[in-house]
Amino acid sequence: MSAASIMAAQPLVEVHDLSKTFDVSAPWLNRVVERKPRQFVHAVDGVSFAIERGKTLALVGESGCGKSTVARLLVGLYAPTHGRVSFDGVDTAATFKSGNAQSLRRRMQMIFQDPYASLNPRWKVADIVGEPLREHGLVAGTGGVSSRVREDALKVRVAELLLSVGMAGADVEKFPHQFSGGQRQRISIARALATQPEFLVCDEPTSALDVSVQAQVLNIMKDLQREQGLTYLFISHNLAVVRHVSDQVGVMYLGRLVELADKAALFSQPRHPYTRMLLDAIPDIHMSGRSRTPVQGEVPNPLNPPTGCSFHPRCPHANERCKQERPALQRLKGILIACHGVEEGRI
Amino acid sequence: MPAPLLEVKNLRVEFPTRHGTLVALDDISFDIAPGEILGVVGESGAGKSLTGSAIIGLLDPPGRVASGEIRFDGRRIDNLPYEEMRKVRGRQIGAIFQDPLTSLNPLYTIGRQLVETIQTHLPVNAAEARQRAIRLLQETGIPAAEARIDQYPHQFSGGMRQRVVIALALAAEPKLIVADEPTTALDVSIQAQIISLLKRLCKEHGAAVMLVTHDMGVIAETCDRVAVMYAGRIAEIGPVHDVIHSPAHPYTVGLMGSIPAMDDERERLLQIDGAMPRLTAIPKGCAFNPRCPRVFERCRSERPDLIDAGNTRAACWLHAADTKAAA
Amino acid sequence: MISSSVVPAAPGAWARFFAGDVWHSFRSSPMAIGSAVVALVCIFCALFAGVVAPHNPFDLATLELSDSMLPPAWMQGGQAKYLLGTDEQGRDVFSALMYGARISLLIGGASVIVSVLIGVSLGLLAGYAGGRIDVVIMRVCDVMLSFPSILIALLIAGVGRALFPQAHDSLAFGVLILAIALPGWVQYARTVRGSTMVERNKEYVQAARVVGVSPLRIMRRHVLPNVLGPVLVLATIHVATAIQTEATLSFLGVGVSPTSPSLGTFINEGNKQLFSGAWWLVIFPGSMLLLIALSMNLFGDWLRDALNPRLR
């Protein structure tokens with residue numbers, strides 16, 4: 001297994017000024033006839049962070065903040081409009097475009113949110129989890145070995161993977177609809193682990209699951225991280241879950257990273273007004289009766305974001321500068337933060 | 001002790017299928033007092049949404065109420081003919097569903113939908129109905145209500161739409177509102193706004209609420225009492241503070257333990273092994289017995305009723321008088 | 001290390017099918033069973049016409065001109081040997097029905113297969129690739145839909161005749177199949193494109209992309225099995241339409257050659273005899289055509305409803 005004890009000085013994943021813009025203009029004919037302008041959505045706008053080996057970085061935010069787009073940029077499902085993603089020092093965008101990406105793809109995999117849509121309903125589990133093994137030629141059986149032997153070897157390997165996520169070896173012959181949501185998510189994890197990757201991008205892996213099932217899946221993910229030295233990028237909107245699994249937390253709003261800090265620092269001393277608002281908005285299950293600032297407004301339309309700092313319409317501390325000038329992501333007091341108020345010492 | 005507004009007694013909902021009859025709700029009983037907020041919490045397949053549907057009389061066929069009764073204000077409503085139930089729905093019982101997109105008709109202005117609801121159930125003319133509608137929109141926090149009343153649903157954002165849906169539910173001054181996952185489809189910051197709005201408005205209008213959700217945090221913030229459902233049965237019911245902080249049923253204990261909380265320092269979450277049984281394979285005796293860490297012989301053969309257990313009532317033999325006496 | 005004995009054998013595909021909802025729905029629907037039986041009987045008779053039919057109307061040696069223009073057996077002047085009467089050359093109508101149905105079904109079936117192949121491939125490509133390829137394919141569809149399908153079929157058949165005036169049988173068949181298939185592929189392309197666009201955004205396709213599977217493989221192995229459901233329904237109903245189109249073309253005289261007559265040819269020829277009072281030469285071929293088309297339509301209707309709740 002990959003050694004978890006290697007203390008590399010260089011982070012495994014580095015993202016610098018990453019941006020992705022989508023063209024959502026109306027079709028050409030409509031634009032000409034109705035005189036509509038071209039429209040763009042800056043789904044990800046200048047995001048930078050680094051993830052060290054064996055650690056978990058969580059990205060949180062509400063709908064439209066771009067965290068899922070960041071996830072897809074990292075695994076090559078989208079190509080960045082601007083900026084750079086490095087994996088182990090290598091530029092991923094160039095590799096994905098070159099068509100020679102198999103060795104890179106082996107080292108990073110993804111887990112998705114919807115357990116019902118992440119598995120092909122017509123395929124058996126053996127084929128679903130076996131696909132990465134086949135694609136990368138990871139199962140013994142080349143040259144001279146009959147395909148029957150190869151199929152059996154594949155099934156044995158798939159059964160091993162299923163056992164490692166807490167399922168039964170006999171499940172290889174079943175179809176996805178025979179499993180519950182939590183079990184399907186575990187099959188997705190088994191598929192992601194088939195190539196023995198070093199980096200897993202997890203896009204809201206437990207958001208569609210019941211609470212007790214979520215606990216099972218989160219525990220498995222933590223166990224696997226410890227055993228195999230995996231590095232995680234964990235996307236979620238649920239701050240309590242994030243607090244449980246992450247080492248570092250990044251908060252995103254309308255495509256921009258507004259705060260990035262160690263878990264303890266972020267939850268005990270949130271600095272950015274949006275982070276504070278998010279933490280205040282979480283329903284308090286223990287009803288400790290802490291005082292909370294009421295939440296104002298809603299997430300604006302990404303097609304028409306506010307000028308300057310995109311949070312200013314909802315921010316209790318906004319001033320003129322906030323309306324005009326976009327705050328840069330800076331290192332202040334040991335955290336990364338994009339806020340004029342914090343920079344100026346007002347907050 | 002005022003008479004309960006809603007009484008559900010031994011309600012049983014069945015679905016006849018070609019595999020046999022599925023019992024989706026098995027002999028559940030609970031009350032809601034006037035003005036009270038009762039939370040119904042459970043995981044997928046526990047039957048909480050079905051309970052709400054059964055009460056408003058909107059069970060999807062072939063589901064049907066097989067036995068038991070539902071009484072509203074002393075009057076039986078589970079066996080009413082369609083027309084009678086239609087009058088009860090809206091006037092006495094209002095409903096809020098999960099998806100604000102589909103709860104509003106996209107082809108009509110929200111003003112028209114509000115006025116239509118008001119006029120169906122209250123004896124007012126069109127002008128007064130419109131005034132009431134504007135007032136309701138203002139109460140639910142929609143800015144510039146006078147202008148926005150003539151807009152269409154697609155011109156509102158998700159959170160705004162849910163506010164309109166709440167306004168619609170309150171339009172005919174019902175005594176009970178059944179809210180099925182009203183905040184699940186919304187962002188966290190909007191959730192908080194909608195929860196506090198719902199709580200405040202229902203107190204002001206004197207409406208009781210049956211809040212169905214899987215989110216324990218929402219329950220903690222809003223409800224007075226909570227019923228925890230498992231496999232079509234009620235596992236535990238009691239005041240919200242007691243159920244959360246000193247749960248009596250092992251399932252509730254497991255549920256509370258598996259929720260990561262903001263002040264949590266545990267390395268591993270408490271996990272209940274296995275999964276909720278499918279409706280076709282509910283175990284004999286207590287439905288939770290295969291997964292229960294404190295199971296004993298009686299649990300596997302006899303199904304427990306709700307038994308007093310401290311401040312709550314739990315369907316668990318651990319709290320039966322003879323079990324405690326023997327211990 | 002786990003031994004392969006831990007992995008059990010799975011129930012076969014047939015076992016799963018007969019335990020499933022679709023088969024159960026079939027068993028409980030009299031209309032489905034009825035239409036399936038009728039369709040199967042017609043298909044059987046048509047395919048094995050040589051064995052089932054009492055006479056071979058195309059074997060000139062067996063024809064007796066003295067037996068021409070006989071009415072059906074139950075009428076005055078009819079003979080039991082020729083159950084549904086004979087035509088002006090002494091050919092038995094009952095046998096001719098089966099031989100004619102064979103040609104009709106073969107052409108109808110082949111056209112549908114060609115249509116499905118073209119339509120599904122183009123639909124998959126348009127739905128998965130998107131962008132300009134999608135636009136081009138959809139505009140081609142739009143153009144094709146703006147012509148009445150009979151006109152297109154006539155055009156192709158006419159062009160075929162002009163290009164190959166000798167009209168060898170097999171070539172005539174091929175041209176005819178093409179003529180019926182070409183207007184028909186558009187419906188498949190559109191349906192498959194819509195389903196493909198839905199499936200493309202699903203996470204199992206994205207997972208395959210992350211693994212590094214090539215787009216062609218994804219289209220073929222992941223998306224295709226999930227979009228074939230509606231195609232099956234359309235194809236069943238399309239067979240009925242194709243047979244009717246072939247009948248129309250043959251009726252108009254641009255269909256099959258007279259040496260291998262189809263039901264349409266018989267209707268055409270029988271029509272000419274109508275004024276002489278020989279109604280059986282038109283009514284029976286027409287009824288056979290109706291029976292085949294109706295049973296396939298009803299079966300397709302049932303199939304659409306049976307597959308729907310599962311697709312939901």
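Only the coordinates and a few stated rules stand behind these numbers; no lab work does. Quick caveat, the model's predicted, so the values are computed rather than measured. Positions of Cβ are generated from backbone atoms using ideal geometry, with glycine treated the same way; all protein chains shown enter the neighbour counts.
What dipole magnitude, in Debye to the nearest 20, does the range C:166-309 give about its Cα centre under +1 on Lys/Arg Cβ and -1 on Asp/Glu Cβ?
The calculation lands at about 720 debye.
About the Cα centre of chain B, what is the dipole size in debye to 20, counting +1 per Lys and Arg Cβ and -1 per Asp and Glu Cβ, all else neutral?
In total the dipole reaches around 600 debye.
Stokes-Einstein at 10 °C, 1.306 mPa s, Kirkwood radius from Cα pairs: D for chain C in µm² s⁻¹?
72 µm²/s
Give the order of B:GLU265, B:GLU297 when sorted by the count of other beta carbons within 10 angstrom, beginning with the fewest.
Fewest to most other Cβ atoms nearby, the residues stand as B:GLU265, B:GLU297.
What pairs from A:LYS55/A:LYS155; A:LYS67/A:LYS333; A:LYS222/C:LYS202; A:LYS124/B:LYS48; B:LYS175/B:LYS203; A:LYS263/A:LYS333 go past 21 Å between their alpha carbons?
Violating the 21 Å Cα-Cα cut-off are A:LYS55/A:LYS155; A:LYS67/A:LYS333; A:LYS222/C:LYS202; A:LYS124/B:LYS48.
So for the range C:1-124, taking the charge dipole from beta-carbon charges (+1 Lys/Arg, -1 Asp/Glu), which of C:PRO54, C:SER95, C:ILE43 sits furthest toward the positive end?
C:ILE43
Semi-axes of the equivalent ellipsoid of the protein assembly as shown: what are they in whole Å, largest first, if each equals the square root of 5 times a C-alpha gyration tensor eigenvalue?
Equivalent ellipsoid semi-axes, largest first: 59, 37, 32 Å.
So what's the range C:30-187 giving for Cα Rg divided by 2.2 N^0.38 Å, two decimals?
Rounded to two decimals, the normalised Rg is 1.41.
Report the one residue of C:ILE283, C:VAL223, C:GLN166 whose Cα lies farthest in the direction of the positive end of the charge dipole of chain C (charges on C-beta: Lys and Arg +1, Asp and Glu -1; origin at the Cα centre).
Farthest along the dipole direction, towards plus: C:VAL223.
Taking K and R as +1 and D and E as -1, what net charge do the other residues with C-beta under 13 Å from the C-beta of B:LYS9 add up to?
-3
Test of understanding: ordering A:SER310, B:SER246, C:SER276 by Cβ neighbours within 10 Å, fewest first, what list do you get?
Ranking A:SER310, B:SER246, C:SER276 by Cβ neighbours within 10 Å, fewest first, gives C:SER276, B:SER246, A:SER310.
Divide by every residue of chain B the summed helix terms, -39500 (n - 2.57) for each DSSP H run of at least 4, and state the resulting mean residue ellipticity at 222 nm, rounded to the nearest 500 deg cm²/dmol.
So the helix-based figure for chain B works out to -10000 deg cm²/dmol.
Taking 7 Å along the Cα-to-C-beta vector as the label spot, tell me the B:TYR152-A:HIS16 distance in nanometres, rounded to one decimal.
4.9 nm
By how many degrees, 0 to 90 and rounded to 10, does the Cα axis of helix B:126-139 deviate from the longest principal axis of chain B?
With both axes taken from Cα atoms, the answer is about 50 degrees.
Please give the calculated 222 nm ellipticity per residue for chain A, where each DSSP H segment of at least 4 residues contributes -39500 (n - 2.57) and the sum is spread over every residue; nearest 500 deg cm²/dmol?
When only DSSP H runs of four or more count, the value is -9500 deg cm²/dmol.
Restricting to DSSP H runs of at least four residues, report the calculated mean residue ellipticity at 222 nm for chain C, -39500 (n - 2.57) per run over all residues, nearest 500 deg cm²/dmol.
-23500 deg cm²/dmol
For B:ALA309, enumerate residues with amide H under 5 Å from its amide H, sequence gap 5+ or separate chain, H modeled in the peptide plane.
Residues meeting the amide H criterion: B:ALA314.
If I build a Gaussian network model for chain A, linking alpha-carbon pairs within less than 10 angstrom, which residue out of A:ILE189, A:ILE285, A:ILE128 has the largest mean-square fluctuation?
Maximum among the listed residues: A:ILE285.
Helix B:82-91 against the longest principal axis of chain B: what's the angle in degrees, Cα atoms only, rounded to the nearest 10?
80 degrees
Taking 7 Å along the Cα-to-C-beta vector as the label spot, tell me the C:PHE18-A:ARG84 distance in nanometres, rounded to one decimal.
6.5 nm
Along the Cα→Cβ direction, 7 angstrom out, place labels at B:ARG76 and A:ALA94. What is the inter-label distance in nm?
8.0 nm
When a footprinting reagent is the concern and you count Cβ atoms within 10 Å, what order do B:ASP273, A:ASP127, A:ASP210 take, fewest first?
Ranking B:ASP273, A:ASP127, A:ASP210 by Cβ neighbours within 10 Å, fewest first, gives B:ASP273, A:ASP127, A:ASP210.
If Rh is defined by the Kirkwood formula over all Cα pairs and Rg also comes from Cα, what ratio Rg/Rh do you get for chain B?
Rounded to two decimals, Rg over Rh is 1.00.
Averaging over every viewing direction, what projected area does the convex hull of the Cα atoms of the range B:137-279 cover, in nm²?
Average projection, Cα convex hull of the range B:137-279: 11.0 nm².
Taking 20 °C and 1.002 mPa s as the conditions, I'd like the Stokes-Einstein D for the range B:1-98 in µm²/s, using the Kirkwood hydrodynamic radius from alpha carbon pairs.
151 µm²/s
May I ask you to derive the relative contact order of the range A:1-100, considering only C-alpha pairs under 8 Å and at least 6 residues apart, and to give it as an integer percent?
This gives 35 percent for the range A:1-100.
Given a Förster radius of 45 Å and the C-beta distance between B:GLU83 and B:ASP27 as r, what FRET efficiency does 1/(1 + (r/R0)^6) yield to the nearest 0.05?
Plugging the Cβ-Cβ distance into 1/(1 + (r/R0)^6) gives 0.95.
A:ALA50 label point, 7 Å along Cα→Cβ, cut-off 20 Å on backbone N: hits in the range A:218-236?
A:230-234
Using Cα springs under 10 Å in a Gaussian network model of chain C, which residue among C:HIS24, C:HIS238, C:HIS222 shows the largest mean-square fluctuation?
With Cα springs under 10 Å in chain C, the top fluctuation among C:HIS24, C:HIS238, C:HIS222 is at C:HIS24.
Could you give the Stokes-Einstein D for the range A:80-124 in µm² per second, using the C-alpha Kirkwood radius, 10 °C, 1.306 mPa s?
123 µm²/s
Only Lys, Arg, Asp and Glu count, each charged at its Cβ (+1, +1, -1, -1), so figure out the dipole size of the range B:249-327 about its Cα centre, rounded to 20 debye.
The dipole of the range B:249-327 has a size of about 380 debye.
Taking the convex hull of the alpha carbon atoms in the range B:249-327, what volume per residue do you get, in Å³?
It comes to 125 Å³ per residue, whole-number rounded.
Put +1 on the Cβ of each Lys and Arg and -1 on the Cβ of each Asp and Glu in chain B; which of B:ALA309, B:MET256, B:VAL165 then has its Cα farthest toward the positive end of the dipole?
B:VAL165
State log₁₀ I(q)/I(0) for the range B:85-179 at q = 0.14, 0.18, 0.19, 0.21 Å⁻¹ as given by the Debye formula over alpha-carbon point scatterers of equal weight, solvent excluded.
Taken in order of the listed q values, log10 I(q)/I(0) reads -0.44, -0.74, -0.83, -1.02.
Given the convex hull over the Cα atoms of the range C:188-312, what projected area results after averaging over all orientations, in nm²?
10.4 nm²
With axes computed from alpha carbons, what is the tilt in degrees of helix B:188-205 against the longest principal axis of chain B, rounded to the nearest 10 within 0 to 90?
The angle comes out at about 80 degrees.
Given the options B:ALA192, B:ALA281, B:ALA220, state which has the largest fluctuation in a GNM of chain B using a 10 Å cut-off (strictly under) for Cα springs.
B:ALA281
Given the protein assembly as shown, what percent of its DSSP beta bridges are antiparallel, to the nearest 5?
Approximately 60 percent, going by the DSSP bridge assignments.
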